[in-house]
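**Student:** One structure is given below, represented as structure tokens, and several questions about it will come after.
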Amino acid sequence: MLGIKTFLKRNFNKHFFYPYVWEPMLDRRVKALRQKKVITVAFVAMDVAMWKYQGLYDLLRQDKRFRIYVVISPSVKFSRDQQIRDAQRMRDYFKQHSMPFVDWDIEHGAKPTDIKKTLNPDILFYTQPGQKVFTTVHSFQHFRDKLVCYTPYGFYMHKSPYQYNRPFTRMAWKLYYHTETHKRLAEQHADNRGRNVVVSGYPAYDQYADRNFEDTWKIKDRRVKRIVWAPHFTIAGAMLKGSQARSHFLTMAEPMLRLAQKYEGKIQIAFKPHPRLLTELYRHPDWGKQRADAYYEQWQNLSNGQLETGLFVDLFHFSDALIHDSSSFVIDYVFFKKPEFFICDDLGSFISESDDISRMIYRSVYYGTTEHEITAFIDNVVIGGNDPFKETREHILKQYLLPPNGRTASENIYADLCKELF
């Protein structure tokens, strides 16, 4: 039950602060922007793997009414080594796509650029809603006088009130959520009753459905089946508030290597860890930097294995199956119409905590926690081709997951921005 202070505060926010103070203030900012000839937009990027704004970026770049920048801002929650790696991967990606960016020379101890003083952006897009994810001068709290937007980089699956009622989601000008289900949950749980939510569809789908894919797999022979192993970062002691993922990396690290070696010539496995897993392994008392780096290198050097730390779209597109314990990938992989094995001991607990769409999808995945169960999945489903859940997954994709209005998610976001600003 809510304490009396929390109850009074939430009712004050719902019935007074947001409708009569905060939202009119946002409206005044929008009206002021309508007088400008060019509106400056900054995308605060944390990691290449979480970059889902490419479609929207390209649309805004073609519109002369917008001036667009990307801000390189690796998470302050990550180790310094990982911050450096993430920053370099972002530089490489943005240069490759001819995208101007504001750099952060973190390698040489430079302070991050205060973009409020240099760019003075009118609108900012974030890839994460956390309060302490970004450095102070890139945090949303530094831009309370600007218009802040967000679309989740992963597909929201569980119905936790915390997910929909954070400080970020309450102050944001626009939250571009994926489905009507997410909008209803925001209306139910958020102090502002989800009035800043627009249903756009899932921006990641734009990348999954419309691009030139590159086969990044090591072995090109398609008779050798391709499996992605994607462990989450929430190992022991690393659980986040509101997180549903329960990583099994510590118990599956060695078995997955054994399976790759056992099935050499029949399968290849791409190790696709969550970007934060390496940082958590560095901190873990039984692992540390030396062991973690050596483990990652093992996958890189394996004859039928590989290490993937960047974008996963090409990898997923040319794969045959996914083994993972990351909740967001449960939905993502449905878009690729391939079978997946979800590592968990109690699927019922995930189903009970999930929204309507996610419950249907959890019931269409294979699951278990043992090496024997994964072996059965590889033999029967991946190699044997027996996939009884295939039609169910494809029905869910067509019925619930495709973006609305006959447009891509990026086009829906772009159309909403233009409607509001011009």
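The values are calculated or read from the model by the stated rules, or taken from the named source; none is laboratory data. The shown structure was predicted, so the numbers you read here are calculated from the model rather than taken from an experiment. Virtual Cβ from ideal backbone geometry, glycine too; neighbours counted across all protein chains shown. When the accessible area is computed, the model is the full protein with side chains, heavy atoms only, and any ligands, DNA or RNA have been set aside. Shrake-Rupley method; radii C 1.70, N 1.55, O 1.52, S 1.80 Å.
**Student:** For GLU23 and ALA415, what does the FRET efficiency come to when R0 = 22 Å and r is the distance between their Cβ atoms, rounded to the nearest 0.05? Intermediate values should be presented prior to the final figure.
**Tutor:** Numbers: r = 21 Å, r/R0 = 0.97.
Plugging the Cβ-Cβ distance into 1/(1 + (r/R0)^6) gives 0.55.
**Student:** Here's a follow-up. Which pairs break 30 Å Cα to Cα here: LYS77/LYS218; LYS132/LYS398; LYS174/LYS398; LYS36/LYS132; LYS174/LYS218; LYS52/LYS117?
**Tutor:** LYS77/LYS218; LYS132/LYS398; LYS36/LYS132; LYS174/LYS218
**Student:** Eigenvalues of the Cα gyration tensor times 5, then square-rooted: what semi-axes does that give for the chain, in whole angstrom, largest first? Walk me through the numbers on the way to the answer.
**Tutor:** Numbers: eigenvalues 260, 121, 94 Å².
Here the semi-axes work out to 36, 25, 22 Å.
**Student:** Take every DSSP beta bridge with both residues inside the chain and express the antiparallel ones as a percent of the total, to the nearest 5.
**Tutor:** Values: 1 of 41 bridges.
Among the beta bridges of the chain, antiparallel pairing accounts for roughly 0 percent.
**Student:** Taking only protein heavy atoms into account and a 1.4 Å probe, give the accessible area per residue of the chain in Å². Working shown, then result.
**Tutor:** Values: 18410 Å² over 422 residues.
On a per-residue basis, the chain sits at 44 Å².
**Student:** Give the lysines reachable from LYS225 as a straight Cα distance under 26 Å; neighbours fewer than 8 places away on the same chain don't count.
**Tutor:** Correct list for LYS225: LYS262, LYS266, LYS272, LYS337, LYS338, LYS390.
**Student:** Carbon and sulfur together cover what percent of the accessible area of the chain at a 1.4 Å probe radius?
**Tutor:** Values: 9260 of 18410 Å².
Ligands and nucleic acids excluded, carbon and sulfur reach 50 percent.
**Student:** Mean separation of Cα pairs under 8 Å and 6+ residues apart, divided by the residue count of the stretch 276-346: what relative contact order is that in percent? Walk me through the numbers before you get to the answer.
**Tutor:** Details: 45 pairs, mean separation 13.8, N = 71.
Rounded, it is 19 percent for the stretch 276-346.
**Student:** So, one more: Taking the Cα atoms of the stretch 1-133, what is the range of coordinates along each of the three principal axes, in descending order and whole Å?
**Tutor:** 50, 41, 27
**Student:** Could you give me D for the stretch 3-79, from Stokes-Einstein at 37 °C and 0.692 mPa s, where the hydrodynamic radius is the Kirkwood radius over C-alpha pairs? Units µm² s⁻¹, please. Numbers along the way, then the final one.
**Tutor:** Working: Rh = 16.0 Å.
The diffusion coefficient I find is 205 µm²/s.
**Student:** Using 7 Å Cα-to-Cβ label points, what is the ILE219/LYS262 separation (nm, one decimal)?
**Tutor:** Result: 1.6 nm between the two label points.
**Student:** Please give the residues of the stretch 139-181, grouped as numeric ranges, whose backbone N is less than 11 Å from a label point set 7 Å along the Cα-to-Cβ vector of ASP356.
**Tutor:** In the stretch 139-181, the label zone of ASP356 (backbone N under 11 Å from the point 7 Å along Cα→Cβ) covers 180-181.
**Student:** Kirkwood Rh over Cα pairs of the stretch 263-366 into Stokes-Einstein at 37 °C, 0.692 mPa s: D in µm²/s?
**Tutor:** Values: Rh = 15.4 Å.
Translational diffusion coefficient: 213 µm²/s.
**Student:** Using only Cα atoms, find the angle between the long axis of helix 288-301 and the longest principal axis of the chain, and express it within 0 to 90 degrees, rounded to the nearest 10.
**Tutor:** 60
**Student:** Once the Cα atoms of helix 409-421 and of the chain are each reduced to a long axis, what angle between those two axes, in degrees from 0 to 90 to the nearest 10, is obtained?
**Tutor:** 10
**Student:** What span do the alpha-carbon atoms of the stretch 324-422 cover on each of the three principal axes, reported in whole Å from largest to smallest?
**Tutor:** Extents along the principal axes: 59, 28, 18 Å.
**Student:** While we're here: Counting only residues 5 or more places away or on other chains, whose amide H sits under 5 Å from the amide H of VAL228 once H atoms are built in the peptide plane?
**Tutor:** Distant-sequence amide H within range of VAL228: ALA270, ASP320, ALA321, LEU322, ILE323.
**Student:** Per 0.36 nm of contour for each residue apart, how much would the distance between ARG144 and ILE84 grow if the chain were fully extended, relative to their Cα-Cα spacing? Walk me through the numbers on the way to the answer.
**Tutor:** Working: separation 60, 0.36 × 60 = 21.60 nm, distance 2.84 nm.
That pair, ARG144 and ILE84, stretches by 18.8 nm at full extension.
**Student:** From Cα pairs below 8 angstrom and at least 6 apart in sequence, can you work out the relative contact order of the stretch 105-160, rounded to a whole percent?
**Tutor:** On the way: 46 pairs, mean separation 19.8, N = 56.
Answer for the stretch 105-160 is 35 percent.
**Student:** Okay, next question. Grab every C-alpha pair in the stretch 67-133, bin the distances at 5 angstrom width from 0 up to the longest one, and report whole percents.
**Tutor:** Bins of 5 Å from zero give 3, 15, 25, 27, 22, 8, 1 percent of pairs.
**Student:** By how many degrees, between 0 and 90 and to the nearest 10, does the Cα long axis of helix 23-33 differ from the longest principal axis of the chain?
**Tutor:** That works out to roughly 80 degrees.
**Student:** What net charge is computed for the residues neighbouring THR375, neighbours being all others with C-beta under 14 Å from the C-beta of THR375, Lys and Arg scored +1, Asp and Glu -1? Mind dumping the intermediate values first?
**Tutor:** Details: positive: LYS225, ARG258, LYS262, LYS266; negative: GLU371, GLU373, ASP379.
Combined, the nearby Lys, Arg, Asp and Glu give +1.
**Student:** Given the Cα-Cα distance of THR251 and ARG61 and 0.36 nm per residue of separation, how much length would full extension add, in nm? Walk me through the numbers before you get to the answer.
**Tutor:** Details: separation 190, 0.36 × 190 = 68.40 nm, distance 4.57 nm.
Between THR251 and ARG61, full extension yields an extra 63.8 nm.
**Student:** If contacts are Cα pairs under 8 angstrom and at least 6 residues apart, what is the relative contact order of the chain in percent? Kindly include the intermediate steps, with their values, before the conclusion.
**Tutor:** On the way: 687 pairs, mean separation 69.1, N = 422.
After rounding, I find 16 percent.
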